[in-house]
Amino acid sequence: MVKLMKYLKGSGKSIVLIILLLIAQAFCDLALPSYTSNIVNVGIQQGGIDSHVPEVIREDQMEKLMIFVEDEQLIEDSYELLDKEDYSKAEWSKLEKRYPALEEENLYQLKSLKDEELQKVAECLKTPEMMVSFLSAEGEEAKAMREQLISQIKQSLPKKTKLPKDIDLFELLAALPKEAIEQMTDEAEKNISSMSDSMTEQMAVAFVKAEYEAIGMDMQKVQNGYLFGTGAKMLGISLLMMAASILVTLIAARVAASLGKNLRDRVFERVLSFSNAEFDKFSTASLITRTTNDIQQVQILVVMMLRMLFYAPIIGVGGVFKVFHTNTSMAWIIAVAVAAITCVIAFLFFVVMPKFKILQKLVDQLNLVTREILSGIMVIRAFSREKYEEKRFDKANRELTKTNLFVNRVMSMMMPLMMLIMNLITVMIVWFGAKGIDAGQMQVGDMMAFITYTMQIIMSFLMIAMMSIMLPRALVSVQRIDEVLTTESSIVEKSDTKKLSGAQKGVVCFNHVNFAYPDADEDVLHDIHFTARPGQTTAIIGSTGCGKSTLVQLIPRFFDVTSGAITVDGVDVRDAELKQLREVIGYVPQKGLLFSGTIASNIKFAHDDITDEQMKKAAKIAQAEDFILQKEDQYEDAIAQGGSNVSGGQKQRLSIARAIAKAPEIYIFDDSFSALDYKTDVALRRALKEETKDATVIIVAQRISTILHADQIIVLDEGKIAGIGTHEQLLRDCEVYYQIASSQLSEEELNNATANKKEIAEKEQYGNKEESQVTASENEANNQEGGADHE
């Protein structure tokens, strides 16, 4: 996860904004259950009356309350008696319409108070309202309680005290000393303390509701007003929550897409810097998987993480906070739910995590097999190996499917287990909540809110559980991507590079070069020493696997030499700037490779400022003009991926044209004429010689006919130089070359060469040794000069 965070540094502001939006969304989400509870408790059970502090109260009911009120002055200061003289006729008419009882009796109206003052009034009136409500209640039980209380009060009064037979209970209570009333109030508060705040609030509101009905207020209107008002608030909160959710999803998607783009750019840029050694280490199939599938896994993870992983703890902690403010008697149920869910997630995580690591490797393997089969489909068909390759693909596919099925089966257990836990928790809440409601400790709305908050807490863990499914595989992908990004290329450009020298332009010198592939036991090339000069053609020939292609790949520094040195323009290739070094080289690989696009885009591939005239000239020299002009769109004709819509010979000619259009100092043809017929080969070499008369040309070839007229032929045998010279010299002096020539040339050509060989021998015998000595001296001087250039 730490590795992932370092790639998200550039999106810091967006992530902070997402967190703020998630907090706002969680706040809205956590507010809805309390509104639902209020609709049930206040809107339905309390008739829409949300406070037990009466807005208006009759004078006789105020007197009853004042019997039990401790702070009488507070209540007197908080209410004012409605007086007709204090209002205009229109205002009084509105008051009478709102409070019909005002026509017949005096009413007290609550003044405009601050929240702190209103809270004090509420605390002061709660117990008195409950006592008046209880003592005024209808029913046989309440009537019997009143008579018993009157009897007790009469017994406590002096015997001489005369009371009317039908005396009102409240008149009798008003006559009692203050100490007796306080004692009654204290006993009532002890009984009330066992009830929940919501239950005592509801009992106090019952007094206010009865008073409003007695005054003649429209209670249906009050209830509807509360219900519609609360519903409108819930709708507004839901819209805000939806807006926050949409914005979070949008920003998270943009952050993930931006991360994916940046990762792909960085991975691709890093891969382009890799040498062949790094490509061998990772394999092309694995690099493709890491650039596509792995980055896609990371993108999905980031979206889910920003959307769910950040939201889960916010909603979970908020839910716990709300639960403890709703009803703490059932908080233990939350602990049971969290413990059960944690056990399920931990079990699934430790079982599945190792399989996710295997899964990505199996995806690599399937990609490798698929790519290999599709690339070699023609060979497979030619050898009738379809059934074998089907079995090979089926094996890779079955292994991937088997692992996927195991992971999915284990993870498919999660949702049923989570739903089972959720439903069991709901049953427990309803069971214990119903007991609390029956005991008068809880209201129905509170239980509903508790269920909702509990579900939110469980859902937060469910979100974390869903992330736990994706997290292991995505973290494996992060590690695989990071492995590519942290791998340094074995071909590293020095900080103090040297510019290529104009004095030795085009000179390529191998100075006792040895080379071994990474992790190889022995060298591929041994003590390679020669110089290739401008205006000359240097050919390299030898048996298959003797190191010809490896040798020329050292010049553009695709690999670094193990020992010795290679200089281009008098500068060691390890000291030169890679871009400048490769700018002066026109490299045509052994396998002609074309890119999807057009013929023109492939020939102009080297740089953008190649003109159409240069392009056409290059095509003409490469003997590609004839088949290009025969195409419908000519140079704008489409080339499929890999050049699959042109023949092997055409592909090679276009690859050669691409190098010629670049007009480099050094041409390297790595067996690039093998797919050409003899006539085309001769015509191409003739045209090429005229074009490259001032350039250094290095040709790797299998056919002697291609290199007959080379100025210098280097014969390789098992990685060593077996001979250097012209065709005639090598036929005479090099047995390896002679064996190659005898396998390719006709007997007549060999006889001519042999005759020449005898003629030269006779001249040497009769004293014409001077010419041969000069020739030998020149070859030796060339080699010495190459070593001197390097030094």
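The values are calculated or read from the model by the stated rules, or taken from the named source; none is laboratory data. Treat the numbers as computed from the prediction; the structure is a model and nothing was measured. Every residue, glycine among them, receives a Cβ derived from its backbone with ideal geometry; neighbour counts consider all protein chains shown. Accessible surface areas use protein heavy atoms only, side chains included; no ligands, DNA or RNA. Shrake-Rupley method; radii C 1.70, N 1.55, O 1.52, S 1.80 Å.
FRET efficiency for the pair Ala180 and Glu85, taken as 1/(1 + (r/R0)^6) with r the Cβ-Cβ distance and R0 = 30 Å, rounds to 0.15.
The value of relative contact order for the chain, using C-alpha pairs under 8 Å at least six residues apart, is 13 percent.
Mean residue ellipticity at 222 nm, helices only, the chain: -21000 deg cm²/dmol; runs of at least 4 DSSP H residues each add -39,500 (n - 2.57), and the sum is divided by the number of residues.
At a probe radius of 1.4 angstrom, the accessible area of the chain per residue rounds to 53 square angstrom.
Between the residues Val222, Gly43, Ala396, the greatest Cα displacement towards the positive end of the dipole of the chain, with unit charges on the Cβ of Lys, Arg, Asp and Glu, is found for Ala396. Its Cα centre serving as origin, segment 293-407 has a Cβ charge dipole (Lys and Arg +1, Asp and Glu -1) of approximately 180 debye. Mind checking which aspartates and glutamates have their Cα closer than 14 Å to the Cα of Lys499? Skip sequence neighbours fewer than 8 apart in that chain. Partners within reach: Asp569, Asp572, Asp575, Glu577, Glu583. Pairs with C-alpha atoms separated by more than 18 Å, drawn from the list Lys84/Lys111; Lys548/Lys651; Lys261/Lys361; Lys591/Lys651, are Lys548/Lys651; Lys261/Lys361. Looking at (i) -0.45, -0.79, -1.34; (ii) -0.26, -0.50, -1.17; (iii) -0.55, -0.75, -1.26, which value of log10 I(q)/I(0) by the Debye sum over Cα atoms at q = 0.05, 0.07, 0.11 Å⁻¹ comes from a calculation on the structure shown? Correct label, based on the coordinates given: (iii).
Of the residues Ile237, Leu731, Phe605, the one whose Cα sits farthest toward the positive end of the charge dipole of the chain, with +1 on the Cβ of Lys and Arg and -1 on the Cβ of Asp and Glu, is Leu731.
Close amide H partners of Ile713, meaning residues 5 or more places away or on another chain with modelled amide H under 5 Å apart, are Ala539, Gly725, Thr726. Taking the average, over residues, of other Cβ atoms within 10 Å as the packing measure, peptides 210-218, 540-548, 507-515 rank 507-515, 540-548, 210-218 from highest down. Protection proxy ranking of 339-351, 83-95, 567-579, by the mean of other Cβ atoms within 10 Å over each peptide's residues and highest first, is 567-579, 339-351, 83-95. The charge dipole of segment 199-275, taken about its Cα centre with unit charges on the Cβ of Lys, Arg, Asp and Glu (plus for the first two, minus for the last two), comes to roughly 700 debye. Charged side chains reduced to their Cβ positions (Lys and Arg at +1, Asp and Glu at -1) give the chain a dipole of some 2000 debye around its Cα centre. Carbon-plus-sulfur accessible fraction, segment 562-692 (probe radius 1.4 Å, protein heavy atoms only): 47%.
Positive end of the dipole of segment 648-695 (Cβ unit charges, origin at the Cα centre): among Val682, Gln650, Ile660, the Cα lying farthest that way belongs to Gln650. Carbon-plus-sulfur accessible fraction, segment 224-351 (probe radius 1.4 Å, protein heavy atoms only): 71%. Extension gain, Glu187 to Arg381, is 59.8 nm, computed as 0.36 nm per intervening residue step minus the present C-alpha separation.
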